[in-house]
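S.K.: Handing you a structure now.
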Amino acid sequence: MKRVVIGCAIALLLLPGIGIAVPANANFSGKWSLDKSKSQELPPQLENVESYTLTVTQDDQQLTVDTQITGGARPEGGGRRPDGAGGQGGGGFGGRRRPDSAGGDTQGQGQGQGGGRGRGGRGGFGMGSGTVIYKLDGSETKTEAPANGRGGAASMKAQWKDGGKSLELTTTRSFNFQGNETTRTTKDRWELADGGKTLKIKRSIDTQQGSQSSTLVFNKQ
């Protein structure tokens with residue numbers, strides 16, 4: 001009897017149009033806007049921005065993230081931090097470098113990962129932009145340090161988690177800070193919620209100086 005059942009199951013699988021359904025990976029394509037009221041543990045730099053948007057395109061091979069950040073005065077105190085989060089003369093994004101942008105690691109007035117360009121504000125947050133590309137086959141992408149000496153070499157990797165329901169983006173950047181080599185690792189875990197209307201990014205940033213975690217919530221526009 002068991003042989004008959006197994007034989008019938010195999011025969012059904014071989015019939016045209018009949019097979020085992022494989023769940024599709026989450027698709028994050030679209031334009032997303034940060035909702036600061038729903039986000040948690042935002043660093044002061046993001047608390048002060050006027051807008052933070054992601055334009056995401058995705059296919060079977062890669063995920064492309066274009067980031068646009070505008071507005072926001074720098075918080076009081078602090079100077080440039082080795083993790084890139086501080087600006088000159090203040091603790092905000094002002095100056096030449098700004099921290100990761102939703103999985104990207106673009107830098108002010110330098111070259112963003114994946115060939116994009118980033119422009120940071122001077123004397124305040126100003127306008128931020130950058131484009132980052134991740135390969136979705138699990139392979140690592142590396143970028144060289146820019147010729148202008150701002151920022152350093154970086155490696156990026158994307159991995160599907162939870163059967164394709166979430167995507168983990170890891171960016172590791174090495175750079176020189178006051179004559180010392182240092183490393184910053186940013187790990188973002190992307191998940192969709194509310195029927196695809198909300199993008200949640202659980203972010204952790206690790207440096208030699210410590211770690212920082214936050215949850216960024218974006219609404220689909």
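The values are calculated or read from the model by the stated rules, or taken from the named source; none is laboratory data. The model shown is predicted, which means the values in this text are computed figures rather than measured ones. Note: ideal-geometry Cβ built from the backbone for every residue, glycine included; neighbour counts use all protein chains shown.
S.K.: Here is a check on your reading of the model: is L63 surrounded by 17 or more Cβ atoms within 10 Å (Cβ to Cβ) and modelled with pLDDT of 95 or more? Outline the logic, then answer.
M.R.: Details: surrounded by 17 or more Cβ atoms within 10 Å (Cβ to Cβ): yes; modelled with pLDDT of 95 or more: yes.
Considered against the rule, which asks whether it is surrounded by 17 or more Cβ atoms within 10 Å (Cβ to Cβ) and modelled with pLDDT of 95 or more, L63 comes out as yes.
S.K.: May I pose another question? Going by the conditions given, is T215 over 19 Å from E41 (Cβ atoms), assigned to a strand (DSSP E or B) and either at pLDDT 85 or above or of a type outside the set (D, E) (or both)?
M.R.: Numbers: over 19 Å from E41 (Cβ atoms): no; assigned to a strand (DSSP E or B): yes; either at pLDDT 85 or above or of a type outside the set (D, E) (or both): yes.
When the stated conditions are applied, T215 does not pass them.
S.K.: Looking only at segment 111-133, decide whether some residue is at pLDDT 95 or above, charged (D, E, K, R) and within 25 Å of K31 (Cα to Cα).
M.R.: Step one: of segment 111-133, the residues at pLDDT 95 or above are none.
No: zero hits.
S.K.: Next question, about the same structure. Report yes if some residue within segment 32-55 is among the β-branched types (V, I, T), at pLDDT 95 or above and touching a strand residue (DSSP E or B) at 6+ places or on another chain (Cβ under 8 Å); otherwise report no. Write out each step before concluding.
M.R.: Within segment 32-55, the subset among the β-branched types (V, I, T) is 49, 53, 55.
Among the residues that remain, those that are also at pLDDT 95 or above are: 53, 55.
With touching a strand residue (DSSP E or B) at 6+ places or on another chain (Cβ under 8 Å) added as a condition, the list becomes 53, 55.
Yes, segment 32-55 has at least one match.
S.K.: Taking D194 as the residue in question, decide whether it is among the acidic types (D, E), within 17 Å of K31 (Cβ to Cβ) and without any contact (Cβ under 8 Å) to a residue 24 or more places away in the chain.
M.R.: On the way: among the acidic types (D, E): yes; within 17 Å of K31 (Cβ to Cβ): yes; without any contact (Cβ under 8 Å) to a residue 24 or more places away in the chain: yes.
Yes; evaluated as a whole, the condition is true for this residue.
S.K.: Next question, about the same structure. Considering only residues that are surrounded by 18 or more Cβ atoms within 10 Å (Cβ to Cβ) and under 12 Å from the mean Cα position of the chain (by Cα), which ones fall in segment 201-221?
M.R.: Result: I201, R203, I205, L216.
S.K.: Could you tell me whether K161 is closer than 16 Å to V56 by Cβ and in contact (Cβ under 8 Å) with a residue 24 or more places away in the chain?
M.R.: Values: closer than 16 Å to V56 by Cβ: no; in contact (Cβ under 8 Å) with a residue 24 or more places away in the chain: yes.
Judged against the criteria, K161 is not a match.
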